[in-house]
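Following: one structure in structure tokens, then a few remarks.
The values are calculated or read from the model by the stated rules, or taken from the named source; none is laboratory data. It should be emphasised that the depicted structure is a prediction, and the values quoted were computed from it without experimental measurement. Cβ sites come from the backbone with ideal geometry, for glycine too, and all protein chains shown count toward neighbours.
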Amino acid sequence: MERIGIGFNPNITPEETAEYARLAEVNGYESFWVHEQPFIGDAISLLCIGIMATSRIKLGSGCISVATRHPLLATSTFVSLSNMSHGRVTMGVGLGGFPWLPKIGISVFPVSETHPVKRIMEYLTIAKALLNGESVTLQGEFYKVTDIKLDTKPAAKPKLYLAALGAKLLHIATDFVDGVIVSPALMTPETTEEKIQSLRTDTVDIASYVLTSVSKDSAKAKQVMKSYYFLIYQVAEVIQPEILEPYDVKESSLVDVKKAWLKNDLAAAGRAMPDELVEALTLTGSSDHCLDRLREYRKVGVELPIIMPIGDIQATIEAFRQS
């Protein structure tokens, strides 16, 4: 059976969390993931709801920030979640969102001065030792701990995953984690393959978020995707235009999207979004089309695709059901 997960932002309600977690479990999904965005909501509370609503599906954070949760608190929390879920949780960590980190006094750029790789590696060093039941002392640049050890034993040791984009970090972190999440939701299969090739071992699980909208009406699915705030933001400010060239998306065709974004006119930005861009970065359209596109991500090495549904969530969950 092919593995598949499903992931959500923390803007879903507690009731929706329970409903979607149960639907995913009934439809044979391996895992249920929750992002953390501090201005919207936290991952831990929603994971608790998902745990209580299900009995078999695995649950994970994808991810919590190493900048906002100390590794001692985070590992202690996930040991508690492991006991609550009878060993079904994964602790996914990463740097966190670039737009909000500076607002709480944590600079990301220039990386030559902020040393995000060092911060993450110090975090993983502590977290791995604590999850292994070991005592750890580290006098680092970002974390200083002296002879700390968890007293509580987990029902099963939570797996530790790292969400990361940088090739250097992916290369050196594999000795510390059980898995990696190589995309936050918007990446072409070709770029995904490049990230996977950064890994220097085949012993870690390779997961990747993929933004998804499924509908019998492909035009409706595209309209939903084009209006999605995260896609517009990523196209306007983050994604490098050259990665879209294999899909016949030129930088010039994104000018109107970026102009509308600067004016905070999301409707206009959505209307200016090329269909080819949606095809390049997402799974959008009929269920058959999306399943075909998903195979492209599997072919380049994604072992656990985590679909991130927008629009008709129930239709999207059912489209990728595992029997």
Given the condition under 22 Å from the mean Cα position of the chain (by Cα), outside any strand (DSSP E or B), touching a residue at least 12 places away in the same chain (Cβ under 8 Å) and closer than 26 Å to PHE109 by Cα, answer yes or no: does some residue in region 276-285 qualify? yes
If we ask which residues in region 230-274 are of a type in the set (S, T, N, Q) and within 16 Å of LEU186 (Cβ to Cβ), their number turns out to be 2
With the checklist (1) within 17 Å of the chain's Cα centre (by Cα); (2) surrounded by fewer than 18 Cβ atoms within 10 Å (Cβ to Cβ); (3) at pLDDT 95 or above in hand, flag the one item ALA163 doesn't pass. (2)
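Taking LYS153, is it assigned to a loop (DSSP other than H, G, I, E, B) and not β-branched (Val, Ile, Thr)?
Numbers: assigned to a loop (DSSP other than H, G, I, E, B): yes; not β-branched (Val, Ile, Thr): yes.
Spelling it out, LYS153 is indeed assigned to a loop (DSSP other than H, G, I, E, B) and not β-branched (Val, Ile, Thr).
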Can you name every one of the strands (runs of 3 or more DSSP E) wholly within region 30-99 that holds 3 or more residues which are within 12 Å of the chain's Cα centre (by Cα)? 31-34, 89-94
Find all pairs meeting these conditions: Cβ atoms under 7 angstrom apart; at least six residues apart or on different chains; first residue within region 91-118 and among the hydroxyl-bearing types (Ser, Thr, Tyr); second residue part of a helix (DSSP H, G or I) and surrounded by 15 or more Cβ atoms within 10 Å (Cβ to Cβ). SER107/THR114
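Hey, can you tell me all the residues within region 294-313 that are touching a residue at least 60 places away in the same chain (Cβ under 8 Å) and charged (D, E, K, R)? Break it down stepwise before answering.
Step one: list which residues in region 294-313 are touching a residue at least 60 places away in the same chain (Cβ under 8 Å), which gives 294, 296-313.
Of everything in region 294-313, those that are touching a residue at least 60 places away in the same chain (Cβ under 8 Å) and charged (D, E, K, R) turn out to be GLU296, ARG298, LYS299, GLU303, ASP312.
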Give region 83-104 a look and list any residue that's of a type outside the set (Phe, Trp, Tyr) and under 22 Å from TYR233 (Cβ atoms), or say none. GLY92, GLY94, LEU95, GLY96, GLY97, PRO99, LEU101, PRO102, LYS103, ILE104
Which pairs do you get when a residue that is without any contact (Cβ under 8 Å) to a residue 40 or more places away in the chain and under 15 Å from ILE126 (Cα atoms), found in region 149-160, comes within reach of a residue that is among the hydrophobic types (A, V, I, L, M, F, W, C) and in a strand (DSSP E or B), reach meaning Cβ atoms under 9 angstrom, with the pair 6+ apart or on two chains? LYS149/VAL136
Selection status of ILE317, hydrophobic (A, V, I, L, M, F, W, C), out of contact with any Cys (no Cβ under 9 Å at 6 or more places or on another chain), surrounded by 14 or more Cβ atoms within 10 Å (Cβ to Cβ) and in a strand (DSSP E or B): no
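If I filter region 107-150 down to residues being among the acidic types (Asp, Glu) and assigned to a helix (DSSP H, G or I), which single residue comes out as surrounded by the fewest Cβ atoms within 10 Å (Cβ to Cβ)? Walk me through how you get there before you give the answer.
So the first thing to find is which residues in region 107-150 are among the acidic types (Asp, Glu), and the list is 113, 122, 134, 141, 147.
Right, trim to assigned to a helix (DSSP H, G or I) and you get 113, 122.
Values: GLU113: 7, GLU122: 21.
Going through the qualifying residues, I end up with GLU113.
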Against the definition (crowded, with 18+ Cβ neighbours inside 10 Å, within 22 Å of GLY87 (Cβ to Cβ) and in contact with a Ser or Thr (Cβ under 7 Å, 6 or more places away or on another chain)), how does GLY28 come out, yes or no? no
